[in-house]
Amino acid sequence: MSRASTLFQLWQTPNRLPLAISKISKGPHLIPSARSYPVLCFCKEIQTSTYEVVKGSYVPSPVVKPVSKAKEKSPENIEDVGAFQKLPMVMPSVDILYSALRKAKRITPTKGIANIAKRERNRGAKQLDALMKELALPLRTYSENFPNKKYLHPYERSLIELTLGDGNYEQVLGKVDALRKKVVSIGKEHASLCAKSTTKKEAEARLTEGIKKVEETFNREGKHVDDLLHIAKTLRAMPVVDLEAPTLCLVGAPNVGKSSLVRILSTGKPEVTDTPGLLKRCDEDRNNLEKLTLAVLSHLPTAILYVHDLSGECGTSPSDQFVIYKEIKERFGEHLWLDVVSKCDLLQKSPVLFATDNGDDSDLKLERYRKLGPDGAIHVSVMNEVGLAELKSRVQEMLDSQMTRIQVQEGNKQKLEVC
């Protein structure tokens, strides 16, 4: 692994197909198994102007729609994960515009209008109204069906902030909805002007001008739709976690051998996760990969397999690993926990000292850690297959205990819901 470390894991997608994450220095890249998505059908229910024939003329008529009160999500519905897999499929802005223009131009005037000028203004107003609807419908669908971040599971909220940057998700959604409002406003304005034309030539000119205005606006600000498309692809590729399944999370400094242990342990059914490596530094200085590790530990009910490398091969000194370990154990000690010293075939009789170590042997706990690791740690070697049988057995026991915890918590939750 690179020093920046990477995320490699077998996560469960909704259809339980595995996801592999490649190791490159720029961060986690997911390679999802192939899957197809349903075609999205839009429901044409947006607030707009309507028109009727009055004495052979196509004029706007008022429509009063009942005011519907938006349903507020209840707190008990915000703790489920998997919201990213329910995101609507976002079309590229150029496809939305092309489709809308094509459908609008097929609109014909209302039958029975004999007067040429009235027929032309009828056609123009209807085409502009159709263009407005075809553009506004998908934008409204996106605005309504991308979840409000505050209702997401804390883990998924963390993924949004770490992947997209704090506030960018809401900003893009806001700009998409602002584009929808502009399209509706311009479409209404020019459809009304077209409906009031007095000659065929004037109606044609106003239709052309209206289409041009709508098209210019959508071309200028359609990039926000494309930004949302990128966000949807990114979030939909995020790992899905089953909160009711036992999960093992491997934690440690970069290059300590977590990925090798993942390959050993991931043959069974439980999810096995290798998190990005942690370096010795305060939270404010951590990169997004390190913050992802902390997000997993903070918001998911995982069992922890903490991996230590005392051989000097990983690039992080045992002394620094000891500092990182104490911090993580203090913060997340309530998780089920198992310590493993990897690469035990490379351990030397004398503890490994780095140039950054001060050589002070007064800290007895640190001295013991340099030699043997934490109390009760299992010493393993993937190369020589030392300790692997014991490791698998202990991991299975820990996951069984985690499953019991999950069942108890689920039972308590159901009791509270009944009450």
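The values are calculated or read from the model by the stated rules, or taken from the named source; none is laboratory data. These numbers were taken from a predicted model, which means no experiment stands behind them. Note that each Cβ is placed from the backbone with ideal geometry, even for glycine, and that neighbours are counted across all protein chains shown. These accessible areas exclude ligands, DNA and RNA; they are computed on the full protein's heavy atoms, side chains included. Shrake-Rupley method; radii C 1.70, N 1.55, O 1.52, S 1.80 Å.
Key figures
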read-out: Selection from the stretch 188-212 of residues that are surrounded by fewer than 17 Cβ atoms within 10 Å (Cβ to Cβ) and without any contact (Cβ under 8 Å) to a residue 40 or more places away in the chain; value: E189, K201, A205, T208, E209, K212
read-out: Condition broken by D357, with the remaining ones in (1) at pLDDT 85 or above; (2) open to solvent by 10 Å² or more (accessible area, probe 1.4 Å) satisfied; value: (1)
read-out: Out of V251, V225, sole residue that is outside the structural domain of N148 (by the TED database), closer than 30 Å to L87 by Cβ, open to solvent by less than 60 Å² (accessible area, probe 1.4 Å) and under 24 Å from the mean Cα position of the chain (by Cα); value: V251
read-out: Test: residue in the stretch 209-224 that is touching a Gly at 6+ places or on another chain (Cβ under 7 Å) and among the aliphatic types (A, V, I, L, M); value: yes
read-out: Candidate set from the stretch 228-240 (those that are part of a helix (DSSP H, G or I) and of a type in the set (V, I, T)); member that is surrounded by the most Cβ atoms within 10 Å (Cβ to Cβ); value: I231
read-out: Filtered residue count, the stretch 193-204, keeping only those that are farther than 18 Å from M132 by Cα and assigned to a helix (DSSP H, G or I); value: 3
read-out: Odd one out for S158, checked against (1) open to solvent by 60 Å² or more (accessible area, probe 1.4 Å); (2) modelled with pLDDT under 90; value: (1)
read-out: Checking K181 against (1) over 24 Å from the mean Cα position of the chain (by Cα); (2) under 21 Å from I107 (Cβ atoms); (3) not polar (S, T, N, Q), the condition it does not meet; value: (2)
read-out: Some residue of the stretch 392-408 being closer than 24 Å to H335 by Cβ and in contact with a helix residue (DSSP H, G or I) (Cβ under 8 Å, 6 or more places away or on another chain); value: yes
read-out: Of residues in the stretch 310-327 being open to solvent by 10 Å² or more (accessible area, probe 1.4 Å) and hydrophobic (A, V, I, L, M, F, W, C), the one modelled with the lowest pLDDT; value: V323
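Here's the yes/no breakdown for (1) outside any loop (DSSP other than H, G, I, E, B); (2) over 23 Å from M89 (Cβ atoms); (3) not assigned by the TED database to the domain that holds K118:
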| residue | (1), (2), (3) |
| --- | --- |
| Y155 | yes, yes, no |
| D166 | no, yes, no |
| E170 | yes, no, no |
| L179 | yes, no, no |
| R220 | yes, yes, no |
| D242 | no, yes, yes |
